[in-house]
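In what follows, a structure is listed as structure tokens, so that the remarks can point back to it.
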Amino acid sequence: MKVLILGGGVIGTTSAYFLAKQGHDVTVVERQENVALETSHANAGQISYSYSSPWAAPGIPLKAIKWLLSKHSPLVINPRVSTETLKFAYRMLKNCNHNSYNINKGRMLRISNYAKECLSEIEQDTKIEYEQRKKGFLQILRTDRQVLDTKKDIAVLEQFGTKYKVLDVDGCLAVEPALKHVEHNIAGGLQFEDDATGNCFKFTNELQKKCLELGVNFEFNVTASALKVENGKVSAVKTCKGDLMADKFVVAMGSYSAQLLRPVGIDIPVYPVKGYSITVPILNDEDAPQSTVMDETYKVAITRLGNNVRAAGTAELIGYNLTLSEKSRATVRHSVESLFPHAADMSDDHFWTGLRPMTPDGTPVIGKTPISNLFINTGHGTLGWTMSTGSGKLIADIVSGNETAISLDGLEMSRYPYADKVT
Ligand SMILES: Cc1cc2nc3c(=O)[nH]c(=O)nc-3n(C[C@H](O)[C@H](O)[C@H](O)COP(=O)(O)OP(=O)(O)OC[C@H]3O[C@@H](n4cnc5c(N)ncnc54)[C@H](O)[C@@H]3O)c2cc1C
């Protein structure tokens, strides 16, 4: 069967890998000159099964107001908000209650835990290297208030059977010895030993080479502009290089997926939530993080990737704007400088921005659409790198008509009653 995948980020590439392994004739259409040059390019590198949680949580609306008033805010909202932004914010607010949070977290954990199995399968099959480290994830709490607040988080972790350790300051230093320079800035931490880190860009590039070996065709510098639907099926994708035909089509265009789907009557609520990262060369090995540290105060994740420190954060609601904001750069830098002051050469920071393809409930949209040969694999938001391998295998099974290894309940677009305008 001929399958066309639109988008060559980490999600499109993992989808291509598993579809090709199942024997299909796969083509990936990507507007950039290579894979993983948009959101999958320089993310925080967390492979964070245990930390899989929706941003829409009880208490977030109040926190958001406080953040917006602080100097180094993890949240930025463009004062000239569009209708799209308002719609997204409203839908997200509707998920900020205990019941929705528990449902959404359960769905996210289901796909993340499956992704762990699928990543291990890829590692065994391909032996690819991507600066991976399996040394866990440490959430750093700077204040006693944050330590107290984790009691609520712990109740949720218990409920979902997530393995964790509550650490005092000495415990944090044992896991991340470089924090010894800033002991006074730390009140405690939560550690997730099963989590990992890795370079998503390197992984996607290495996996693309394996895809080529499996016969996948990559069409780079090709932009898809529309889906042609005839007799209830997609007959072709219109691109800048002409129409491309296939038996089945998978939309994996990250934040841009909704724009392609809307004209054919599919209205999934995927909104671009902008984030920033800096990558700085490590100066002193022993003063750098061992794995990923999440600075809870500024919501900045600080990771070691090879010889670099990568730090990423900020959620900016400003549409498809990719301008680099110096204010956000200052926030990310401040977090690194206050936790790992001697780790890296901060004068040499590579500053980057990307658009997280976010859904209001935090869960990706994976599966069938009302158009019989059209499928979606997008909306992975803050955790697309973590979930990519599970999503890739899942969509391959769905497209092939196989039984899926995990339940699709709550992962498909049918969970949004307003999304289907086709029927
Ligand atoms: C600052 C930041 C930090 C993050 N940190 C983490 C983390 O630590 N851990 C984690 O798990 N996740 C993290 N994420 C999220 C993760 O990076 C994303 O969820 C993931 O990269 C999304 O992958 P994707 O393939 O869906 O999107 P993309 O990587 O954006 O891929 C979509 C592709 O589609 C292509 N495309 C778009 N439109 C068209 C078109 N019309 N025609 C042809 N091609 C098109 C694009 O060029 C792009 O290559 C982070 C994100 C950000 C922004």
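How much net charge surrounds Glu129 when only other residues with a Cβ under 10 Å from its Cβ are counted (Lys, Arg +1; Asp, Glu -1)?
Around Glu129, the surrounding residues sum to -1.
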**OP:** Count charges around Ala288 for me, please; just the other residues with Cβ under 12 Å from its Cβ, Lys/Arg as +1, Asp/Glu as -1.
**Re:** -2
Original post:
Ranking Glu412, Glu296, Glu326 by Cβ neighbours within 10 Å, fewest first, what do you get?
Top reply: Glu326, Glu412, Glu296
Subject >> Equivalent ellipsoid dimensions for region 190-328 as semi-axes, Å, which come from the Cα gyration tensor, largest first >> reply: 37, 21, 14
Original post:
Any idea what the alpha-carbon Rg over 2.2 N^0.38 Å comes to for region 287-411?
Top reply: 1.33
Subject >> Relative contact order (percent, whole number), the chain, Cα cutoff 8 Å, 6+ residue spacing >> reply: 27 percent
Subject >> Straight-distance crosslink candidates among aspartates and glutamates, where the alpha carbon sits under 20 Å from Lys71 and sequence neighbours closer than 8 are dropped >> reply: Asp295, Glu296, Glu316, Glu326, Glu337
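Where Lys and Arg each count +1 and Asp and Glu each count -1, what net charge lies around Tyr271 among other residues with Cβ under 15 Å from its Cβ? Let's see the in-between values first.
Numbers: positive: Lys87, Arg91, Lys94, Arg262, Lys274, Arg356; negative: Glu84, Asp267, Glu316, Asp361.
In short, +2.
For the pairs Lys94/Lys368; Lys165/Lys274; Lys233/Lys421, note any where the Cα-Cα span goes beyond 20 Å.
Result: Lys94/Lys368; Lys165/Lys274 exceed 20 Å.
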Subject >> Under 19 Å from the Cα of Lys209 - aspartates and glutamates, other chains or at least 8 residues apart >> reply: Asp25, Glu30, Glu33, Glu38, Glu121, Glu123, Asp125, Glu129, Glu131, Glu219
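Relative to 2.2 N^0.38 Å, what does the C-alpha radius of gyration of region 126-186 come to as a ratio? Two decimals please. Please report the intermediate quantities before stating the final value.
On the way: Rg = 14.6 Å, N = 61, 2.2 N^0.38 = 10.5 Å.
Its radius of gyration relative to the 2.2 N^0.38 Å reference: 1.39.
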Original post:
Using a Gaussian network model of the chain with C-alpha springs under 10 Å, which one of Ala196, Ala89, Ala57 is most mobile by mean-square fluctuation?
Top reply: Ala89
**OP:** Any chance you could give the angle, 0 to 90 degrees and rounded to 10, that helix 144-159 forms with the longest Cα principal axis of the chain?
**Re:** 40 degrees
Original post:
Hey, what's the Kirkwood Rh for the chain if you take every pair of different alpha carbons, in angstrom?
Top reply: 21.7 Å
Subject >> Paramagnetic reach from Lys421 in region 334-372 [backbone N under 19 Å; point 7 Å along Cα→Cβ] >> reply: 359-360, 369-372
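Report, please, the projected area of region 50-104 averaged over directions, based on the convex hull of its C-alpha atoms, in nm². Show your work: numbers first, answer last.
Numbers: hull surface 18.2 nm².
That works out to 4.5 nm².
By how many nm would the segment from Glu412 to Asn284 lengthen if fully extended, with 0.36 nm per residue of separation less the alpha-carbon distance? If you can, show how the numbers build up before the last one.
Numbers: separation 128, 0.36 × 128 = 46.08 nm, distance 4.61 nm.
Stretched out fully, the Glu412 to Asn284 stretch lengthens by 41.5 nm.
For a quick protection proxy, order the peptides 222-231, 17-26 by their average other-Cβ count within 10 Å, most packed first. Can you show the working numbers first?
Values: 222-231: 14.4, 17-26: 21.1.
Ranked from most to least packed, the peptides come out as 17-26, 222-231.
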Subject >> Top of Pro357, Pro269, Pro370 by mean-square fluctuation, Gaussian network on the chain, Cα under 10 Å >> reply: Pro370
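Working from the alpha-carbon coordinates of region 225-307, get Rg over Rh, Rh being the Kirkwood radius.
Numbers: Rg = 21.0 Å, Rh = 16.9 Å.
When Rh is taken as the Kirkwood radius, the ratio is 1.24.
Would you mind calculating the gained length between Gln259 and Glu403 on full extension (0.36 nm times residue separation, minus the Cα-Cα distance), in nm to one decimal?
Values: separation 144, 0.36 × 144 = 51.84 nm, distance 2.99 nm.
Computed gain between Gln259 and Glu403 is 48.8 nm.
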**OP:** With 5 Å bins from zero, work out the P(r) of region 32-177 over every alpha carbon pair and list the percent per bin.
**Re:** 2, 7, 11, 16, 18, 18, 14, 9, 4, 1
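Hey, with R₀ at 45 Å, roughly what FRET efficiency would Asp144 and Lys87 work out to, going by the Cβ-Cβ distance, to 0.05?
Details: r = 38 Å, r/R0 = 0.85.
Plugging the Cβ-Cβ distance into 1/(1 + (r/R0)^6) gives 0.75.
Take each of the peptides 310-317, 258-265, average the number of other beta-carbon atoms within 10 Å over its residues, and list them starting from the highest. The partial results should precede the final answer.
On the way: 310-317: 25.1, 258-265: 17.1.
Order by mean packing, descending: 310-317, 258-265.
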Subject >> Order of Ser388, Ser70 under a 10 Å beta carbon neighbour criterion, fewest first >> reply: Ser70, Ser388
Original post:
In what sequence do Arg110, Arg333, Arg304 fall when counting other Cβ within 10 Å, fewest first?
Top reply: Arg333, Arg110, Arg304
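Read-outs throughout are calculated quantities, based only on the coordinates presented, and are distinct from any laboratory measurement. Predicted model, so just to flag it, every value in this text is computed and none were measured. Neighbour counts run over all protein chains shown; Cβ positions are idealised from the backbone, glycine included.
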